[in-house]
Structures are given as C-alpha cells and as structure tokens.
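Undergrad: Quick one: structure below, then a few questions.
The values are calculated or read from the model by the stated rules, or taken from the named source; none is laboratory data. For clarity, every value in this text was computed on a predicted model and none was experimentally measured. No Cβ is skipped: glycine too gets one built from the backbone with ideal geometry, and neighbour counts run over all protein chains shown. To get the accessible areas, we keep the full protein, side chains included, count just its heavy atoms, and leave off ligands, DNA and RNA. Shrake-Rupley method; radii C 1.70, N 1.55, O 1.52, S 1.80 Å.
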Amino acid sequence: MNIIIFAALLFTAVSGTAAAGSSSSHLSKKFYHTSCPNLFPIVKSILKHQISKERRIGASLLRLHFHDCFVNGCDASVLLDDHGSFIGEQNANPNKNSLRSFNVIDKIKSRVEKSCPGVVSCADILTIAARDSVALLGGPFWNVKLGRRDSKTASFSDANSGLLPSPNSNLSVLISTFKKQGLSTTDMVALSGGHTIGLARCSQFKTRIYKKSNIDTGFAKKRQRQCPKEQRIGIDNLAPFDIQTPMDFDNKYFDNLIKKKGLLHSDQVLFSGGSTDSLVKKYSRDSEAFNRDFVRAMIKMAHIQPLTGSNGEIRKVCGRPN
C-alpha cells in the first residue's frame, strides 16, 4: 500500500533553499484545478498502462525528472530534441544512450492537449509522471505543487559541465554536486535510493566489478558474466541496480550497499566507511524513514529554479519549442 505523505507538511523545508529561489513560491497544488481538472487522472491512466507493460519505464521517468532538474532547473529542457543547428541536452555525455521513455511523456502531453490545449507544461507533466511512477512501483505518494513553465532552449554544454553526478563519483563529489542544487547530504542519500528501481549499462559499472575491492566477490562474478572485461564487448548489456527487488520501490537498495553489492561506484561510496554510513544503515532498517526523506528530497528537487509567471512558455509538443 502506498504511503500518503502530504507535500504541504514538507514544503517548509523547501522554501528557504537557495537553489529553489523565489519563483517556487508561485507553484500551487491546485494550479490546474479549474483549467485542467482531468490532468492527474490522464497522467495516471497512461502511466498505469505503460508500466504494466514495462516496469522499467517508471525508473526511466524518475531519472528523466532528475536529469532535467539538475541542469538549469526543472524546466523540461531535457525533453527538447536536437533539430537543425540546435543541439540540446539529450546527447550530452551523462544522457546519451541513457535517458529513455521520452515517448511516454509525449503520449501524456498529446492526451492532455486534447483535454486542455495550451494549459499544462511539459515540466509539470514530467514532475507528476515521476511521482506517479514511484507510487505505481510500490513507493510513497505525495502531493506536488505545479505551475512550472517550459524553457525555450536547452544547454548541451551545461549538461556536460559536471552538474550531473557521474557513476564514478566519490562521496565528496556527490555531496558537493547536490549541495550546489540546494540539496543536503541526507537529500543526496535518499535520492540515491531511487536506484532501488531500474537498470544500468555495463559501461557504467565495468570498472567497479573488475577493479574495485569494496565489492562482494560473488556479486562481482555474477555481474562479470553479463559484462565482459574486453573493452567494447557487452557495454550496453543491462543489470539491475537492486539485485533483490529490481522493479519494486523499497529500501532493499540500502541492504545491498551494506552487503557490498552496490552496482555503481557512486552507489557503494554511500557505505564505505564515510559520513553517510549511518544514513544507509538507518534506511536499510526503517523503510518509513527512507520514504519520508525521499519524498522531502523529491519535493525540494522539483522546486529547483522553476520558470513561472511570464517566463518560458507552455510547449505544444514537448520535444520542440513553440
């Protein structure tokens, strides 16, 4: 059963962050209450159908929201396709051959446009889709504040500039990267728990399973069977972040870290004798604490530099500006 956590109780933790800025105060839980009353049922209906066919889609949409917000705010810039001389964010190194499920957002946007044309932003659709994906995979549910507008452009260079954490990031880099977005170390560990769902490519964890010592031997050997040591062989083969319940949103990810079964280097550094070990232990034994902190961190992340008021636009199609 989903845990209902009301955003209104948590928003006080958001309003003072530097990264969120004053524009987040223009967001509202009832922003589309009269202008698009069917928005939430439309999003949930499409997601429920899509995730029933492929549960990985939920993880992909959560990640898409994360990658959007960390590059110049939650403005749907990551959804803009390359066209002509315009180069967006999708083929930047952290995103290339990695981000997916853009078509699901397009399906939702098309249905929403038929119901309420020119009203709902792609940035808000992505925010709702990430929330609903977590809930449909067994995780917590929370209220989201809406009213974001869409950017008119995107930045390939910014997406490549280190704003997004790397699979090979060490703990100090992770803490610093999240801090720049107004997110605390607790937020970082909780959001990393999003890796309780989804898959990663061999190229992202090959170095860890062959060269790192803080890894369970049996786990490493199992991953090596899918990810050969030869440089270019099998680099697109997939493995689950969470070896126990790969498509269920729960706290098993943290159990894996304690057992040295984190898939990425940036996963395992959360439990390697550093300052975040205690949080990993806490979340591994207390799923309610993890859910509560995850929701709080998601709300904060979704309020990073939104475009509101007359800034930006409401795109007609999420993949291109109007």
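Undergrad: Scan around Leu307 for amide H atoms under 5 Å from its own, H built in the peptide plane at 1.01 Å from N, and keep only partners 5 or more places away or cross-chain.
TA: Counting only residues 5 or more places away or on other chains, the set is Arg149.
Undergrad: Calculate one ³J(HN,Hα) per residue across region 165-182 by plugging θ = phi - 60° into the Karplus curve 6.51 cos²θ - 1.76 cosθ + 1.60, and present them in order as whole Hz with x for glycine and proline.
TA: x, 8, x, 9, 5, 8, 5, 5, 5, 4, 4, 5, 4, 6, 4, 4, 9, x
Undergrad: Let me know the charge dipole size of region 175-320 about its Cα centre in debye, to the nearest 20, where only the beta-carbon of Lys, Arg (+1) and Asp, Glu (-1) is charged.
TA: 580 debye
Undergrad: For region 65-121, just list the percent of Cα-Cα distances falling in each 5 Å bin from zero outward, please.
TA: Binned Cα distances yield the sequence 4, 17, 23, 25, 18, 10, 3, 0.
Undergrad: Let me check I've understood the local charge: for Val43, count other residues with C-beta under 11 angstrom from its C-beta, Lys and Arg +1, Asp and Glu -1. What total comes out?
TA: +4
Undergrad: How high is the relative contact order of region 194-266, in percent, counting Cα pairs under 8 Å that sit 6 or more residues apart?
TA: This gives 45 percent for region 194-266.
Undergrad: By accessible area of protein heavy atoms, probe 1.4 Å, what ranking do Thr207, Thr127 get, highest first?
TA: Order by accessible area, largest first: Thr207, Thr127.
Undergrad: While we're on this one: Taking the chain as a Gaussian network, where each spring joins two C-alpha atoms under 10 Å apart, which residue of Gly234, Gly162, Gly84 fluctuates the most?
TA: Answer for the Gaussian network model of the chain: Gly84.
Undergrad: Can you tell me how region 34-81 classifies by the Cα gyration tensor, rounded, prolate or oblate, using a/c under 1.5 as the rounded cut?
TA: oblate
Undergrad: Let me ask another. What is the magnitude of the charge dipole of the chain about its Cα centre, with +1 placed on the Cβ of each Lys and Arg, -1 on the Cβ of each Asp and Glu, and no other charges, expressed in debye to the nearest 20?
TA: 640 debye
Undergrad: Right, another one. Taking R0 as 25 Å, what's the FRET efficiency between Glu113 and Ser25 from their Cβ-Cβ distance, rounded to 0.05?
TA: Working from the Cβ atoms, E equals 0.35.
Undergrad: Right, next: Order Glu313, Glu54, Glu89, Glu288, most accessible first, counting only protein heavy atoms with a 1.4 angstrom probe.
TA: Glu288, Glu54, Glu313, Glu89
Undergrad: Across region 151-162, in residue order, what do the Karplus-derived ³J(HN,Hα) couplings come to in whole Hz, using 6.51 cos²θ - 1.76 cosθ + 1.60 with θ = phi - 60° and x for Gly and Pro?
TA: Once rounded to whole Hz, the list reads 5, 9, 8, 9, 10, 4, 5, 5, 5, 9, 8, x.
Undergrad: What residues have an amide H closer than 5 Å to that of Phe141, excluding those fewer than 5 places away on the same chain, when H is modeled at 1.01 Å from N in the peptide plane?
TA: Amide H to amide H, under 5 Å and 5 or more residues apart or across chains, Phe141 pairs with Ile3, Ile4, Ile5.
Undergrad: Cross-chain or 8 or more residues apart, Cα under 25 Å: how many lysine pairs in region 75-218 fit that? Count them up, please.
TA: Summing the qualifying lysine pairs gives 16.
Undergrad: At a probe radius of 1.4 Å, what is the per-residue accessible area of Ser172, in Å² to the nearest 10?
TA: Ignoring ligands and nucleic acids, Ser172 comes out at about 80 Å².
Undergrad: Give the calculated FRET efficiency between Thr207 and Ser176 to the nearest 0.05, with a Förster radius of 22 Å applied to their Cβ-Cβ distance.
TA: Computed FRET efficiency for Thr207 and Ser176: 0.55.
Undergrad: First check a/c for region 192-277, with a ≥ b ≥ c the square roots of the eigenvalues of its C-alpha gyration tensor; if it is under 1.5, answer rounded, and if not, answer prolate when a/b is larger than b/c or oblate otherwise.
TA: Cα axes put region 192-277 in the oblate bin.
Undergrad: Given the options Thr186, Leu62, Phe249, identify the residue whose Cα lies farthest towards the positive end of the charge dipole of the chain (+1 on Cβ of Lys, Arg; -1 on Cβ of Asp, Glu).
TA: Comparing the listed Cα positions along the dipole, Phe249 ranks first.
Undergrad: Just check region 96-147 against the gyration tensor rule for me: Cα atoms, a ≥ b ≥ c as the square roots of the eigenvalues, rounded for a/c under 1.5, and otherwise prolate or oblate depending on whether a/b exceeds b/c.
TA: oblate
Undergrad: Measuring from centroid to centroid over Cα atoms, what is the spacing of region 203-257 and region 45-101 in Å?
TA: Region 203-257 and region 45-101 have Cα centres separated by 23 Å.
Undergrad: Right, next: Compute the signed sum of charges (Lys and Arg +1, Asp and Glu -1) over the other residues within less than 15 Å, Cβ to Cβ, of His33.
TA: Combined, the nearby Lys, Arg, Asp and Glu give +2.
Undergrad: For Ser45 and Lys281, what does the FRET efficiency come to when R0 = 35 Å and r is the distance between their Cβ atoms, rounded to the nearest 0.05?
TA: My answer for the efficiency is 0.35.
Undergrad: Moving to a separate point now. Can you work out the Karplus-derived ³J(HN,Hα) for every residue in region 40-48? Use 6.51 cos²θ - 1.76 cosθ + 1.60 with θ = phi - 60°, whole Hz, and x for glycine or proline.
TA: Ordered by residue, 3J(HN,Hα) equals 4, x, 5, 4, 5, 4, 5, 5, 4 Hz.
Undergrad: Continuing with the same structure: Above 30 Å lies some portion of the pair distances; for the chain, what is it as a whole percent of all C-alpha pairs?
TA: Tail of the P(r) past 30 Å holds 30 percent of the pairs.
Undergrad: Can you give the local net charge around His67? Use residues other than it whose beta-carbon is closer than 13 angstrom to its beta-carbon, Lys and Arg +1, Asp and Glu -1.
TA: -1
Undergrad: Can you compute the helix-only [θ] at 222 nm over the chain? Use -39500 (n - 2.57) per DSSP H run of at least 4 residues, normalise by all residues, nearest 500 deg cm²/dmol.
TA: -12500 deg cm²/dmol
Undergrad: Still on this model: So, in nm, how far is label Phe86 from label Asn168 when the simple model puts each one 7 Å beyond its Cα toward the Cβ?
TA: Placing both labels 7 Å beyond Cα along the Cβ direction yields 3.3 nm.
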